[in-house]
Amino acid sequence: MAEPNLGEPASYLVLGGGAPVYSCDGEEVGVVERVLAEPEIDIFEGIVLDTSVLPGGHRFVGADQVEEIFEKGVLLKCDRAGAEALQERAEHEPNG
């Protein structure tokens, strides 16, 4: 499957909620619920993935699991099965 057209590479600073998230094999696995970062010290921690197209709830995607951020979405390093195996958000962050 071909990669979706996500536009030009971009920074996490311009990434917004609702942006589509794709696995490395080009399948949409959800949308960005929110970006986890500390912009004042330029640290990108990851995203919360709304997995309405996958079983379960929100998933945590660590910065090391993000291949690239684009103007129109996010590309992950993992395939669809890997995205399904990501930690549920509640397990990663006790404050939810």
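Quick notes on this structure:
- Any chance A83 is modelled with pLDDT of 95 or more and closer than 23 Å to G7 by Cβ: no
- Residues in segment 59-78 that are over 13 Å from V48 (Cβ atoms) and of a type in the set (K, R) were compared, and the one that is modelled with the highest pLDDT is K77.
- Residues that are part of a strand (DSSP E or B) and either modelled with pLDDT of 95 or more or out of contact with any Gly (no Cβ under 7 Å at 6 or more places or on another chain) (or both), drawn from segment 37-52: A37, E38, I43, F44, E45, G46, I47, V48
The values are calculated or read from the model by the stated rules, or taken from the named source; none is laboratory data. Please read these numbers as outputs of a predicted model, since none were measured by experiment. When we count neighbours, we look across all protein chains shown, and the Cβ atoms used for this are built from the backbone with ideal geometry, even at glycine.
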